[in-house]
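Written below as structure tokens is the structure these notes are about.
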Amino acid sequence: MADKDFLSQFSDNNKPESFKEEERIPVVKEKKKVNPLLLGIATALLLAIAILLYFLFLAPKIAVPDFVGKDKSDVAAWVRQQGIETSGIVFDEIHDFDTVEGTVLSQSITVGKKVRKDVKMNFVLSLGPDPDEAIKVPDLSAMNKAEVQQWISKYKLSKTKVVTAYNENVEEDAVIDYVFSGCDEESFTRACTLKINVSKGPAPAGKVTVEDFEKKPFETVEAWAKNKKIDLTKTEAYSDKVEAGYVISQSVEAGKAINEGDNLHVVVSLGKAIFMPDMYEWTENQISAWCSKNGIVLADVKYRYDEEFKGECIAQSIPAGTLLSQGDYLSVTISLDDPKISEFIRDHGEHATLKELEEWVADKNRNGAHLTLKVTRQLHDTIPVDCIIDMSKKVKNTDTVKVTVSDGKNLLLKDKDSSLTWDNVSTEEEIRELCEFNEVSYEITYDKKEGLYNGDIIDITRSDTGTRPLAGTYLPQKTVVQIVIADNGDEGIRP
């Protein structure tokens with residue numbers, strides 16, 4: 001019998017019962033039945049909680065009142081009392097002839113509706129009658145007082161006033177005259193001011209009716225008082241609204257009757273009271289505009305450099321707070337900006353002379369600057385002696401201006417010929433000829449020297465080293481050859 005392989009020993013047929021493959025049978029658990037009653041109770045409870053939360057936190061609770069016909073302040077009080085967010089409250093305004101200004105004409109949310117504190121709500125407010133509406137002016141001179149007042153009431157002319165006064169020539173309740181302010185009869189609107197004077201008839205016997213003298217020349221009331229035998233006194237006061245010499249106010253109002261010999265006191269304008277402001281840090285344009293407006297003469301404007309302020313007032317001739325009169329003279333000092341090298345170059349050229357720059361610096365310093373010059377000199381083949389080669393392009397008024405100045409060419413000294421050399425030159429005529437041949441600058445002075453004839457050379461030196469010029473050496477063009485010539489008068493005449 002052949003041997004079985006290793007795995008065949010474990011076939012199911014030969015396995016003991018304990019080694020045989022087990023059979024798996026699934027177990028199904030029985031589902032629990034849901035109690036319909038409990039489910040209904042839970043659902044109802046959740047719904048009740050949701051409704052409660054809504055009414056506690058989300059549901060609108062503020063009832064909107066009826067604001068139509070009420071004032072804007074009523075809306076504001078309601079908003080404040082209910083704690084409503086003001087950002088959501090919007091007011092629009094329109095003109096409405098039939099309602100007074102500030103009255104609520106409409107609201108965007110209906111009356112009684114409940115809202116939350118973050119409600120968005122619009123109100124339309126009345127601006128009252130349109131002030132710019134053109135109003136036709138009737139023939140006022142033909143109307144009586146009642147008709148005038150009826151016209152004013154009909155068109156709601158809040159700026160039209162009726163003033164009564166005694167008048168010898170116009171019957172009672174008839175219009176004496178009328179005065180427009182800010183417009184005329186053709187351009188009259190509700191916003192215009194109109195004063196209508198209505199007669200109270202003749203003044204009682206022995207009485208004088210006071211006229212309206214406000215904003216009229218003092219000479220007018222003076223003549224009237226003399227004619228009516230009224231004692232007139234006056235005081236003067238400054239006024240921003242009434243021109244100088246005109247009446248500001250009167251002690252007895254127009255239209256009232258007083259006895260002959262009674263006193264009428266008037267206040268007459270001295271014109272606008274002008275007080276000197278503190279102009280410190282004002283610009284020149286601001287000062288000029290203020291002077292023009294107030295009738296002050298800007299007599300003198302000076303300029304000085306100042307470290308802190310540029311283009312602003314740093315001094316004034318009249319102290320702040322001083323009471324002025326029209327025509328007074330004012331002088332101010334304006335601070336200058338930093339000195340501008342560009343302006344110097346524009347006026348004098350880029351290679352101006354050192355002397356021109358020194359004069360420019362001196363002028364700036366006279367006006368308060370504190371400039372200093374630092375000069376460096378150097379030879380230059382093209383830029384003339386004492387002209388600027390280069391310098392600082394931008395400075396402040398306390399800076400040092402650095403400048404490089406030309407000493408001119410570096411000249412090589414040469415003998416003119418074998419008969420005229422730097423070694424053998426002996427007369428004034430010869431030294432002039434030799435210097436001009438070499439294009440060098442020279443200065444000649446004269447002195448007595450015993451033993452020499454007039455015109456003989458006493459000494460020749462360079463201005464930079466004090467030594468004698470020699471052929472083959474260099475002499476800066478800036479350097480001067482200093483020559484001393486003998487002059488012994490009659491004794492030095494050459495035989």
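The values are calculated or read from the model by the stated rules, or taken from the named source; none is laboratory data. This is a predicted model, so every value here is computed, not measured. Cβ atoms come from the backbone with ideal geometry, glycine included; neighbour counts cover every protein chain shown.
For region 157-192, filtered to residues that are under 41 Å from the mean Cα position of the chain (by Cα) and β-branched (Val, Ile, Thr), the residue that is surrounded by the fewest Cβ atoms within 10 Å (Cβ to Cβ) is Val179. When you scan region 270-288, do you find a residue that is in contact (Cβ under 8 Å) with a residue 24 or more places away in the chain, of a type in the set (D, E, K, R), surrounded by 14 or more Cβ atoms within 10 Å (Cβ to Cβ) and under 30 Å from Asp337 (Cα atoms), even just one? Yes, because at least one residue in region 270-288 is in contact (Cβ under 8 Å) with a residue 24 or more places away in the chain, of a type in the set (D, E, K, R), surrounded by 14 or more Cβ atoms within 10 Å (Cβ to Cβ) and under 30 Å from Asp337 (Cα atoms).
Of the residues making up region 415-451, those that are touching a Leu at 6+ places or on another chain (Cβ under 9 Å), part of a loop (DSSP other than H, G, I, E, B) and without any contact (Cβ under 8 Å) to a residue 40 or more places away in the chain number 3.
Looking at region 127-143, which of its residues are under 20 Å from Ala174 (Cα atoms) and surrounded by 15 or more Cβ atoms within 10 Å (Cβ to Cβ)? Val137, Leu140, Met143, listed by residue number. Scanning region 273-299 for residues that are closer than 13 Å to Asp328 by Cβ and either among the acidic types (Asp, Glu) or within 16 Å of the chain's Cα centre (by Cα) (or both) turns up just one, Trp290.
Let's see how each residue does on (1) closer than 20 Å to Ser181 by Cβ; (2) surrounded by fewer than 16 Cβ atoms within 10 Å (Cβ to Cβ); (3) among the hydrophobic types (A, V, I, L, M, F, W, C); (4) free of Cβ contacts under 8 Å to residues at least 60 places away in the same chain:
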{"residue": "Phe213", "(1), (2), (3), (4)": "yes, no, yes, yes"}
{"residue": "Glu219", "(1), (2), (3), (4)": "no, yes, no, yes"}
{"residue": "Thr233", "(1), (2), (3), (4)": "no, yes, no, yes"}
{"residue": "Tyr246", "(1), (2), (3), (4)": "yes, no, no, yes"}
{"residue": "Val252", "(1), (2), (3), (4)": "no, no, yes, yes"}
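Looking at region 400-414, which of the residues that are among the basic types (Lys, Arg) and in a loop (DSSP other than H, G, I, E, B) is nearest to Glu433 (Cα to Cα)?
Per the criteria, the residue is Lys414.
Counting only helices (runs of 4 or more DSSP H) wholly contained in region 281-399, the ones carrying 1 or more residues that are at pLDDT 90 or above, over 30 Å from Gln477 (Cα atoms) and touching a strand residue (DSSP E or B) at 6+ places or on another chain (Cβ under 6 Å) occupy 284-294.
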